[in-house]
1. Looking only at region 147-176, which residues are touching a residue at least 40 places away in the same chain (Cβ under 8 Å), in a loop (DSSP other than H, G, I, E, B) and either touching a Lys or Arg at 6+ places or on another chain (Cβ under 6 Å) or not acidic (Asp, Glu) (or both)?
2. Among the numbered criteria (1) more than 17 Å from His38 (Cα to Cα); (2) of a type in the set (D, E, K, R); (3) in contact (Cβ under 8 Å) with a residue 40 or more places away in the chain; (4) part of a strand (DSSP E or B), which one does Arg134 miss?
3. Would you mind stating whether Val33 is at pLDDT 85 or above, open to solvent by 70 Å² or more (accessible area, probe 1.4 Å) and within 12 Å of the chain's Cα centre (by Cα)?
4. Are any residues in region 143-174 open to solvent by less than 80 Å² (accessible area, probe 1.4 Å), within 18 Å of the chain's Cα centre (by Cα) and hydroxyl-bearing (Ser, Thr, Tyr), and if so, which ones?
5. Output the residue which, of all residues in region 1-22 that are touching a residue at least 12 places away in the same chain (Cβ under 8 Å) and open to solvent by less than 60 Å² (accessible area, probe 1.4 Å), is nearest to Asn102 (Cα to Cα).
6. From the set of residues in region 62-83 that are in a loop (DSSP other than H, G, I, E, B) and touching a strand residue (DSSP E or B) at 6+ places or on another chain (Cβ under 8 Å), which is surrounded by the fewest Cβ atoms within 10 Å (Cβ to Cβ)?
7. Just one of (1) free of Cβ contacts under 8 Å to residues at least 60 places away in the same chain; (2) of a type outside the set (A, V, I, L, M); (3) in contact with a helix residue (DSSP H, G or I) (Cβ under 6 Å, 6 or more places away or on another chain); (4) not in a helix (DSSP H, G or I) trips up Pro104, so point out which.
8. Of these, Arg44, Arg86, Arg55, Arg130, which one is of a type in the set (Lys, Arg) and crowded, with 17+ Cβ neighbours inside 10 Å?
Amino acid sequence: VRAEYGVDQADSEKVSSLTREFMGEGRCLDFVVDDASHLLSPTRSSFETLFPLLRPGRSYVIEDLSAAQNIVSAALDAKQEMTESRRQLANTMLDFSLQADNKPLHLMAVEAMLASFVAPGIVHKVIVDRDWLRIIRGREDIDPAKPFDLRAVADDHFGLLDTTPNKELQRYLSAR
């Protein structure tokens, strides 16, 4: 077990370098727990760097998956009775949980689910809980010479990954 502090999880070169340094070349990971930014882009970056290195049947866990959903739901449900200090706190938490494009981390759960449908050899199983996402690696090889892209594996033919905020959230975000 090794914990690394002060590393930007979106820095795939640094994450790869640390992984090779710790494990050596050609070895596989047994388990990854991502307890980092709670943002989609950096989490996706570390996932797409480390998931191909997982041994088949092993798990990649992302925690605090539903933070943005929970914060938005609480803010929208309580908007009438929120004090100004509570509104500021909700907005700060929302800013922390969403990127500029308003795409939430829990989008990865949908991407992983779709990938498990069309490429179970890559994504064998997906388990979603309120607080975490567990993605179990399939037995199919992933070419280490090519960048891994979960969205490309997901094949979203039905537009399930459209993350346009609904009108109520758009109004809330624009009124902040």
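1. The answer is Pro147, Phe148, Leu160, Leu161, Thr163, Pro165, Arg176.
2. Answer for Arg134: the failing condition is (1).
3. Details: at pLDDT 85 or above: yes; open to solvent by 70 Å² or more (accessible area, probe 1.4 Å): yes; within 12 Å of the chain's Cα centre (by Cα): yes.
In short, yes.
4. Passing the criteria: only Thr163.
5. Ala10
6. Among residues in region 62-83 that are in a loop (DSSP other than H, G, I, E, B) and touching a strand residue (DSSP E or B) at 6+ places or on another chain (Cβ under 8 Å), the one surrounded by the fewest Cβ atoms within 10 Å (Cβ to Cβ) is Asp64.
7. Unmet condition: (1).
8. Answer to the selection: Arg44.
The values are calculated or read from the model by the stated rules, or taken from the named source; none is laboratory data. If you're wondering where the values come from, they're calculated on a predicted model, not measured in any experiment. For neighbour counting, all protein chains shown are included, and Cβ atoms are generated from backbone atoms with ideal geometry for every residue, glycine included. Remember, those area values only see protein heavy atoms, side chains included, never the ligands or the DNA or RNA. Shrake-Rupley method; radii C 1.70, N 1.55, O 1.52, S 1.80 Å.
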